[in-house]
1. Taking the criterion of being closer than 21 Å to D32 by Cα, free of Cβ contacts under 8 Å to residues at least 40 places away in the same chain and either open to solvent by less than 10 Å² (accessible area, probe 1.4 Å) or among the basic types (K, R) (or both), would at least one residue in region 139-156 satisfy it?
2. Answer yes or no: is there a residue in region 55-75 that is open to solvent by 40 Å² or more (accessible area, probe 1.4 Å), in a loop (DSSP other than H, G, I, E, B) and touching a Lys or Arg at 6+ places or on another chain (Cβ under 9 Å).
3. Taking region 148-181, which residues are among the aliphatic types (A, V, I, L, M) and assigned to a helix (DSSP H, G or I)?
4. Yes or no: region 114-130 includes at least one residue that is closer than 16 Å to V8 by Cα, out of contact with any helix residue (DSSP H, G or I) (no Cβ under 6 Å at 6 or more places or on another chain), open to solvent by less than 70 Å² (accessible area, probe 1.4 Å) and modelled with pLDDT of 95 or more.
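The values are calculated or read from the model by the stated rules, or taken from the named source; none is laboratory data. Keep in mind the model is a prediction, meaning the values are calculated, not measured. Glycine gets a Cβ as well: all are built from the backbone with ideal geometry, and neighbour counts include every protein chain shown. Note: areas computed on protein heavy atoms with side chains; ligands, DNA, RNA excluded. Shrake-Rupley method; radii C 1.70, N 1.55, O 1.52, S 1.80 Å.
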Amino acid sequence: MKTTIYMVRHAESPYDEGSEITRGLTTKGKRDVEKVTEILKVEGIDFIISSPYNRAILSVEGLAQYFELDIKTYEDLRERFFAEEIIDNTELMSVIRDKFNDFDYFLPGGESNADCQNRSISVLKNILKEHAGKKIAIGTHGLVMTLMMNYFDSSYGLNFLDQLKKPDIYKLRFENFELIDVIRLWNE
């Protein structure tokens, strides 16, 4: 039985507004959410799931309104927690790139790629089991999405992460727990 997951990487979000959890979307991000909705409304979505972070929820909110569906959030779909201390975004991106393939590396007080992948894959496997044969949109983050896709196909790594847009949409088709194919739907 084929199940389709639409990974919706959140739209553009201002780094200087609110906390990691509460950050919203920029004006451009809000416009792009309308495009996300237009692209996905022809897909016939059955369920909408999201990270609990505001920017991820807002990125699938138009879709939820269109299909008259609730958005179910899962704490374990949140973005990777990098460190207890606030790190400059440029420094953080450098660490992510330099240490991406060392899945056990973590900054003090933070989590590793392996930890993030394990918690998010646990949720994804549960979604695939509970909603077999359905079409599910997931509001997510670039690194978490990359790590989930990497679990099923190691070719989704740092190069994939580097080319992602905000927002971005990938359609993943599964046969049970096996990833069959991936199609990028965002083309801007």
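1. Within region 139-156, one or more residues are closer than 21 Å to D32 by Cα, free of Cβ contacts under 8 Å to residues at least 40 places away in the same chain and either open to solvent by less than 10 Å² (accessible area, probe 1.4 Å) or among the basic types (K, R) (or both).
2. No, region 55-75 contains no residue that is open to solvent by 40 Å² or more (accessible area, probe 1.4 Å), in a loop (DSSP other than H, G, I, E, B) and touching a Lys or Arg at 6+ places or on another chain (Cβ under 9 Å).
3. Let us first name the residues in region 148-181 that are among the aliphatic types (A, V, I, L, M), namely 148-149, 158, 161, 164, 169, 172, 179-180.
Selection gives M148, M149, L158, L161.
4. Looking through region 114-130, at least one residue is closer than 16 Å to V8 by Cα, out of contact with any helix residue (DSSP H, G or I) (no Cβ under 6 Å at 6 or more places or on another chain), open to solvent by less than 70 Å² (accessible area, probe 1.4 Å) and modelled with pLDDT of 95 or more.
Yes/no per residue for (1) open to solvent by 90 Å² or more (accessible area, probe 1.4 Å); (2) over 28 Å from F152 (Cα atoms); (3) in contact with a strand residue (DSSP E or B) (Cβ under 8 Å, 6 or more places away or on another chain); (4) at pLDDT 95 or above:
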site: I5; (1), (2), (3), (4): no, no, yes, yes
site: H10; (1), (2), (3), (4): no, no, yes, yes
site: P14; (1), (2), (3), (4): no, yes, no, no
site: S19; (1), (2), (3), (4): no, yes, no, no
site: G24; (1), (2), (3), (4): no, yes, no, no
site: K28; (1), (2), (3), (4): no, yes, no, yes
site: R31; (1), (2), (3), (4): yes, yes, no, yes
site: I45; (1), (2), (3), (4): no, no, yes, yes
